[in-house]
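The values are calculated or read from the model by the stated rules, or taken from the named source; none is laboratory data. Quick caveat: nothing in here was measured; it's all calculated off a predicted structure. FYI the Cβ positions are ideal-geometry reconstructions off the backbone, even for glycines, and counts take in every protein chain you see.
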Amino acid sequence: MKTFAHVNAGSVDEVTNLLAQNQGKAKINAGGTDLLGVLKHRILPEYPEMLINIKKITGLNIIEADEEWIRIGALTTLVEIVKSPLIEKTCSLLKEAARSVASPQIRNIATIGGNLCQDTRCWYYRYPDEIGGMIKCFRKGGKTCPAVAGENQYHAIMGAKKCFAVCPSDMAVALTALGAVCTLAGVKGVRTIAVEELYTPLGNVLSPDEMITAIHIPKPAPDAKQTFFKFTLRKPIDFAIVSAASIITIDKGICTDVRIVLGAVAPTPVRALKAEEFLKGKALSEEIADQAALLAMDGAKPLAKNAYKLEIAKTLVKRVVKDSVVTVNSLNDPV
Amino acid sequence: MTTTQNLSYATITLTVNGENHSFILGEGSHEVTPSHTLAHTLRERLGLTGTKVSCDDGACGCCTVQMDGKAVNSCLLLTVECEGKEITTIEGLGDPVTGTIDPLQKSFIDHTAFQCGFCTPGIIMSAKSLLTENPAPTRDEVKESLAGNFCRCNSHYHVLDAVMAVARKGGNK
Amino acid sequence: MKEYRYIGKSTPRKDALDIVTGKTKFINDLTVPNMLYGKVLRSPLPHALIKSIDTAEAKRLPGVKAVLTYQDIPDWMAGFPLHVRVLDSKVRYVGDAVALVAAETEDIGEEALRLIKVEYEPLPAVYDVEEARQPDAPQLYEQFPGNLLPQERRMFGPHTLQEVVTGDVDKGLAEADFIIKGTCAYENIPNPLPPEPPGVIASWEGTDALTVWSASQGPHMFKVTLQRRMGATNMQSIGSPVGGSYGSKYMSWQYVLPAAALAKAAGRPVKLYYGKTEHLAAFTVRLGSRIHGQVGMKKDGSVTALSADWLVNTGAFSEITQGMVAVGCGEAQLMIRCPNWNFRPQMVCTNRTASGQVRGFGGQELKCALIPILTMGLEKAGIDPVEFFKKNYVKPGDGYYWRDGKWWVCNGIDYTPAIEKGAETFGWQEKWQGWLKPTSINGAKRRGVGVGVHGNADVGEDISEAFVRLDSNGTATIYSGLAEHGTGQRSSICKMVAEILQLPLDRVFVTPTDSSVNPFEIGPVGSRGTYAIGSAVIAAAEDAKRQLLELMAQKFKVAPEDLETQDGMAYVKGKPEAKIPWIKGMGYDRTIMGHGRFEPDFTLPNFMMIFTEVEVDTETGKVDLIRVVGATDVGQIIDPPSLTNQLNGCLGSAGIDSALFEETVFDTRLGRVMNPNMIDYKWRTFAELPEMEHEILETPFPSHRFHAIGVGEITPSPGPSAVLMAVSNAIGVRMADYPLTPDKILRALGKVANAERRGK
């Protein structure tokens, strides 16, 4: 790996200042599970000149709650989320999503902030420089997306225009379903943004001097049924081919509140708004679930090799809806 | 570019298998650069070649070591960021004075829980981390804890037998 | 059955302690003083001429000690027949070697590669095996018109089997009750993907002596095949423990020759160790295999004629493709009892990373494409595939053309009992519901079963030589070029020698795999370890024992045949109390050297049957492997855990899982491998293991000292077609393409149509 200057940052201010001073040439390193691969394979046109280690900043790996919110520091590792009794009790779908990430070794060091900010897994974007040179695609300032007419089996089936890479973050899907917001710190101060609004077709809304410092989850209704399903070829290691997270409240058999979010189908997590609207006020049944699944796919336009993702996405939506009405854990292995 | 000018004189210290090691940061042939991974430092600076590098991408687990008791991929950690950490490698299992091997290692021998043996140190380190945290795991828990360890010869079944043989009874299903 | 002291008992591997403590020195754990690191600049284009190449800036980079291009590399040739240059003015796949660098560190080497400026003239590329045969297709090699590899008649002797043409196919088709035509392809070119990437250290002494340390399954063969290509009058090939090979690290000139060239140019030792990316994108994969076949069949399932074009895609060059085709052709005959054959392989070059030797060696690639065509006939006839294989698999007295083109007659055993036992354990009778019928349906999930078979007559292939040296302190040392690549074979030959000499196992040793120490050894390939290598070692041990007893007989003043030896002591039979140590007969100043040599014997087919049960989620297209049962007969188990390990190996190393999720994904517009990392290249994890059982019978093979034969190499090979059958049965749709990823399942179920392309 080509070397770089390295700074151990002691505070968020130091990080944002360094980011601002280096004008895009410095990168933050938290768990490093994504960034090191990016660097080793030289996939970006510009190699960073500096890495800023943020792991030594205190106060950023906490999980705490008050009456209304659950707060998770950006440096909280995925294993800490998996093992947190508070998260298990209040946000079981977040726990399931964290547990589905990669491998035990990765979850021991990968952070929730890093998971949200990880770069896409599109294999054109990540093509290694050592085998004939990296591929300059639309996301890297090139003119085209090679996936459109290429090997696009894992690419976006909706919401993409010029780059068909999907957002790989499982945390983003889970947190969008939970209606979470995150705190971004920059040289000009702090702002909050819904996780749902965090992503753009080519990445995220963070300006070059910003970092995520915390995630805030509004406490879900205790009786809401939370579900996270991730479809992969293999349970460990793999990034989602399609994932679905849902939080559904049912009162006397009627769906009173629902959020359904699809992952890995688009450059951003996608709320199935039409399906949500349809489900509200209905008594949930197999037929209703089927119809909701169809509505969730509204606007989908698959590429040549990924129409199957649409079918899987429909199945996952159907299953999260069905799962919310049957007794807990009756579907042992739904995906 | 903004950087700290005195970096080349900085040292970092980490504990590996109970011994403290200090490294000078720099570009020299025996120094540690900021881009060196922990796996590289263990192998090339300390000669601890029991830690293997296979995929170098954090997918295969061959480079698994313990950092502060937890299983981690040493190919995904920068040495410079391991300051003050306690690292245990495959060479650090067992008793360094008597040379007695860990019961888990003994069990791998007794079950021939390997074929080519390249992934074995990483598998043992992952399994050891599990047993430290949960001395009485179920077979499914062992499988899950080894989910990040590649074994291409398919010695999985023997590995599970070997780990379960030293797991404390109670969790055994 | 005779009770042995070691044979058939579980004993710890001799190398176990080093493996579990991390002390085993794999190739990348070795360094040589003053060693440099080699790096390879790899082509961005699938097919191009190098117009210019400028290395000046790379050479100026401090720490760079040698840079080589096609202009200054020695003209060493490789491949079968010799057709590949280590560096050429033409590149033939993305990842092809363009230039080599030797530098003080790996980082410097990598930076130097970036400073080499290359100008290419792009050429059109071709990837599909049939497109490559078209008259206007791009041509990879001048000497191979039509991209067709020549049939290589020298590989296994002057009559090397390159096709099966026998009987009268027209007559056979006329006799058939029905004729099936079909096409099936096994073209996902999975990577055997050993955890340890390929690697080597090369060091010259003077200009004519070369030492090579390598991870090779057959290090002695590097000396035999490569030294004369490099002008070295002596090559010392030293093998290290191999971190997995599955066949792939055997004929591997691709890393040996570049390292030797760099070491020569730099005048210093050079280590060349592939990164995993190179391993996945620029090292050898399985053969691509496509069959257009026509089968004549009777109502009772007997095959009257088989006519087929076997299109073999070898990629950018032939490592040993003609050899794999030879063995594949032989193996087809072991599986199908048919009087009339017109089975014609075509070996075709295309612009992708080359295919090389992989466990299954041509036969797996052939069967994965051929069995699904055969089974179309079985479906028509309503024949149970287990019954078909039972009836057809070669039996004692049956003949076949083997790889040398000669007619051999099976002198082995009948595997019917193994088939029946495997079927019983699996519950085949209960689970088999007929062709394209699921075993069970549970909501969206459907289960199905399938079976596959494989076997070769290579357990007795090729030459092995061994010496066994007895020292007067009561120890034995085996001189063998046998590399340890995971099968435990180096420990198993110790067990054989310990058994013959009745020595404690810890008093039997094997020399390092060093060609300057050991006699000729082809290596542990083709399941030949137990029978061929074992027999050479056994013969050497018997020879040593004979010499020992002759010496001891003088001491006892009896005939040698009246003596026994045990634990380093000799005694007159029946009088163990009057034993004396070897040293009393040998003296301290003598060693005894026994010689053993094994001559090829192709009369002993081995056998592996795999039963699989899968579950298909018809709403997501996901296929889960639920259960695997293996059935075989090995004559005599040498080491039970080593054998079960090898049988469990049926899943990975591009085996069963190549029907489920393993594939090298290839973009045919760019010519690039899109998944050259271990996240996107799928492999089976601990978290998702199927139930696994094996039925291992032990029907003695009389011609082996311990009545044993090997089976390790072939265990993955019956699997992929068995899974294809199981999935077809589960979903009621015949599948003919690997791997069975969700897109293919959902399309087969009519749930996904081919969408139109969109975007720019």
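Being surrounded by fewer than 20 Cβ atoms within 10 Å (Cβ to Cβ), assigned to a loop (DSSP other than H, G, I, E, B) and of a type outside the set (F, W, Y) is the filter here, so list the residues in the range C:70-115 that pass it.
Selection gives C:Q71, C:D72, C:P74, C:D75, C:P81, C:L82, C:H83, C:D88, C:S89, C:E104, C:T105, C:L115.
State all residues of the range B:140-151 that are of a type outside the set (A, V, I, L, M, F, W, C) and out of contact with any Gly (no Cβ under 9 Å at 6 or more places or on another chain); if no residue qualifies, say none.
Passing the criteria: B:D140, B:K143, B:E144, B:S145.
For the subset of the range A:46-79 comprising residues that are touching a Pro at 6+ places or on another chain (Cβ under 7 Å) and more than 24 Å from A:K2 (Cβ to Cβ), which member is farthest from the other protein chains (Cβ to nearest Cβ)?
Ranking the qualifying residues of the range A:46-79, first place goes to A:E68.
Select, from B:G58, B:G50, B:G94, the only residue that is at pLDDT below 95, at the interface with another protein chain (Cβ under 8 Å from one of its Cβ atoms) and not in a strand (DSSP E or B).
Sole residue among the options that is at pLDDT below 95, at the interface with another protein chain (Cβ under 8 Å from one of its Cβ atoms) and not in a strand (DSSP E or B): B:G94.
Of the conditions (1) within 17 Å of C:A498 (Cα to Cα); (2) surrounded by fewer than 17 Cβ atoms within 10 Å (Cβ to Cβ), C:K573 clears all except one; give me its number.
(1)
May I ask you to verify whether C:I745 is within 14 Å of chain A (Cβ to nearest Cβ) and part of a helix (DSSP H, G or I)?
yes
Can you tell me which residue among C:D624, C:D657 is crowded, with 23+ Cβ neighbours inside 10 Å, out of contact with any Cys (no Cβ under 7 Å at 6 or more places or on another chain) and more than 7 Å from every other protein chain (Cβ to nearest Cβ)?
Answer to the check: C:D657.
Restricting attention to the range A:267-282, which residues are farther than 14 Å from A:I254 by Cβ and outside any loop (DSSP other than H, G, I, E, B)?
Residues satisfying the conditions are A:V270, A:R271, A:L273, A:K274, A:A275, A:E276, A:E277.
State which residue is nearest to the other protein chains (Cβ to nearest Cβ) when the search covers only the range C:1-55 and only residues that are aromatic (F, W, Y) and more than 27 Å from the chain's Cα centre (by Cα).
C:Y37
Of all residues in the range A:283-313, how many are outside any loop (DSSP other than H, G, I, E, B), more than 8 Å from chain C (Cβ to nearest Cβ) and of a type outside the set (V, I, T)?
Number of matching residues: 13.
Could you tell me which of the residues B:E86, B:E31 is surrounded by fewer than 19 Cβ atoms within 10 Å (Cβ to Cβ), of a type outside the set (S, T, N, Q) and modelled with pLDDT under 95?
The match here is B:E31.
Check whether at least one residue in the range C:415-423 is in contact (Cβ under 8 Å) with a residue 24 or more places away in the chain, in contact with an Asp or Glu (Cβ under 7 Å, 6 or more places away or on another chain) and part of a loop (DSSP other than H, G, I, E, B), and report yes or no.
yes
Pick out the one residue from C:K59, C:K14 that is of a type in the set (K, R) and part of a helix (DSSP H, G or I).
Of the residues listed, the single one that is of a type in the set (K, R) and part of a helix (DSSP H, G or I) is C:K59.
Output yes when any residue across the range A:234-248 is more than 30 Å from C:T685 (Cβ to Cβ), assigned to a strand (DSSP E or B) and among the hydrophobic types (A, V, I, L, M, F, W, C), and no when none is.
There is at least one residue in the range A:234-248 that is more than 30 Å from C:T685 (Cβ to Cβ), assigned to a strand (DSSP E or B) and among the hydrophobic types (A, V, I, L, M, F, W, C).
Tell me whether the range C:452-472 contains one or more residues that are part of a strand (DSSP E or B), over 23 Å from C:G719 (Cα atoms), within 20 Å of the chain's Cα centre (by Cα) and modelled with pLDDT of 95 or more.
Yes, the conditions are met somewhere in the range C:452-472.
So C:D667 passes all but one of these: (1) over 25 Å from A:N152 (Cβ atoms); (2) at pLDDT 95 or above; (3) within 11 Å of another protein chain (Cβ to nearest Cβ). Which condition number does it fail?
Exception for C:D667: condition (1).
Find the residue count for the range A:233-252, including only residues that are surrounded by fewer than 22 Cβ atoms within 10 Å (Cβ to Cβ) and either touching a residue at least 60 places away in the same chain (Cβ under 8 Å) or in contact with a Gly (Cβ under 7 Å, 6 or more places away or on another chain) (or both).
Residues flagged as surrounded by fewer than 22 Cβ atoms within 10 Å (Cβ to Cβ) and either touching a residue at least 60 places away in the same chain (Cβ under 8 Å) or in contact with a Gly (Cβ under 7 Å, 6 or more places away or on another chain) (or both) within the range A:233-252 amount to 2.
What residue, of C:P138, C:P197, C:P124, is assigned to a loop (DSSP other than H, G, I, E, B), modelled with pLDDT of 95 or more and in contact with a strand residue (DSSP E or B) (Cβ under 8 Å, 6 or more places away or on another chain)?
C:P197
Within the group C:G422, C:G448, C:G427, which residue is away from chain B (no Cβ under 14 Å), surrounded by fewer than 19 Cβ atoms within 10 Å (Cβ to Cβ) and among the small types (G, A, S)?
Exactly one residue qualifies, and that residue is C:G427.
Being modelled with pLDDT of 95 or more and at positive phi is true for just one of C:G486, C:G448. Which residue is that?
When all the criteria are applied, what remains is C:G486.
Filter the range A:131-156 for residues that are touching a helix residue (DSSP H, G or I) at 6+ places or on another chain (Cβ under 7 Å), without any contact (Cβ under 8 Å) to a residue 24 or more places away in the chain and either of a type outside the set (V, I, T) or more than 9 Å from every other protein chain (Cβ to nearest Cβ) (or both) and give the result.
Within the range A:131-156, just A:C145 meets the criteria.
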